[in-house]
1. Look at ASP35 and say whether it is exposed (fewer than 12 other Cβ atoms within 10 Å of the Cβ) and either among the acidic types (Asp, Glu) or touching a residue at least 24 places away in the same chain (Cβ under 8 Å) (or both).
2. Residue by residue through segment 62-95, note down the ones that are loosely packed, with under 13 Cβ neighbours inside 10 Å and closer than 23 Å to ASP35 by Cα.
3. Can you name the residue in segment 80-91 that is free of Cβ contacts under 8 Å to residues at least 24 places away in the same chain and part of a helix (DSSP H, G or I) and is also nearest to the chain's Cα centre (by Cα) among such residues?
4. What about ARG98, is it under 30 Å from ARG50 (Cα atoms) and touching a residue at least 24 places away in the same chain (Cβ under 8 Å)?
5. Please work out if TYR38 is in contact with a helix residue (DSSP H, G or I) (Cβ under 7 Å, 6 or more places away or on another chain) and not hydrophobic (A, V, I, L, M, F, W, C).
6. What pairs come up if the first residue lies in segment 42-66 and is closer than 11 Å to LEU101 by Cα, the second is polar (S, T, N, Q) and crowded, with 16+ Cβ neighbours inside 10 Å, and their beta carbons are under 6 Å apart, counting only those six or more places apart or on different chains?
7. Look at segment 24-54 and say how many of its residues are within 19 Å of SER113 (Cβ to Cβ), aliphatic (A, V, I, L, M) and part of a loop (DSSP other than H, G, I, E, B).
Amino acid sequence: MSKYGPSIEGISTSSKPPSPKNISLREAIELGEYDPEYLSRFPDWSTLSRTIQWNYIKKALDVRERQLIQQWSEVSNVLDFRLKPELKIALKNIEIKRHKLLDDSERLLLEYSS
């Protein structure tokens, strides 16, 4: 644990998101939620064709990619980066999430193109 709180290294990113309560399918997509399992909890999802579902997923993947790039640039542009070694951990975690996003994107493309 650093003076800034617990290390983000040990934070798990694989937990299931809670079920949607006060958010619409469109809002979830605009916030970068691309997991079909989560999106299927919205009543509208089952009424959409696979083509439209893929288009929504692709849009959410693009949003999430932009979010991660923005996070990475915000962390990497911190003044006097050399005095804050914990930021290297944050950058590494963002890079790991970006690689997972790319893997998920490929997997979903294969799943929805068949």
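The values are calculated or read from the model by the stated rules, or taken from the named source; none is laboratory data. On a predicted model such as this, the values are computed, not experimentally measured, just so you know. We place every Cβ from the backbone using ideal geometry, glycine too, and count neighbours over all the protein chains shown.
1. On the way: exposed (fewer than 12 other Cβ atoms within 10 Å of the Cβ): no; either among the acidic types (Asp, Glu) or touching a residue at least 24 places away in the same chain (Cβ under 8 Å) (or both): yes.
So ASP35 fails the test.
2. Of everything in segment 62-95, those that are loosely packed, with under 13 Cβ neighbours inside 10 Å and closer than 23 Å to ASP35 by Cα turn out to be ARG66, ILE69, GLN70, LYS92, GLU95.
3. As a first pass, look at segment 80-91 and keep what is free of Cβ contacts under 8 Å to residues at least 24 places away in the same chain: 80-85, 87-88, 91.
With the extra rule that they be part of a helix (DSSP H, G or I), the set shrinks to 81-83, 87-88, 91.
Working: PHE81: 25, ARG82: 28, LEU83: 29, LEU87: 19, LYS88: 20, LEU91: 15 Å.
In this case the residue turns out to be LEU91.
4. Answer is yes for this residue.
5. Working: in contact with a helix residue (DSSP H, G or I) (Cβ under 7 Å, 6 or more places away or on another chain): no; not hydrophobic (A, V, I, L, M, F, W, C): yes.
It is false that TYR38 is in contact with a helix residue (DSSP H, G or I) (Cβ under 7 Å, 6 or more places away or on another chain) and not hydrophobic (A, V, I, L, M, F, W, C).
6. LEU61/SER105
7. Residues meeting the conditions: 1.
The rows are residues; the columns are (1) over 28 Å from LYS92 (Cα atoms); (2) among the basic types (Lys, Arg); (3) modelled with pLDDT under 90.
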| position | (1), (2), (3) |
| --- | --- |
| SER7 | no, no, yes |
| LYS16 | no, yes, yes |
| LYS21 | yes, yes, yes |
| TYR38 | no, no, no |
| PHE42 | yes, no, no |
| ILE52 | yes, no, no |
| TRP72 | no, no, no |
| VAL75 | no, no, no |
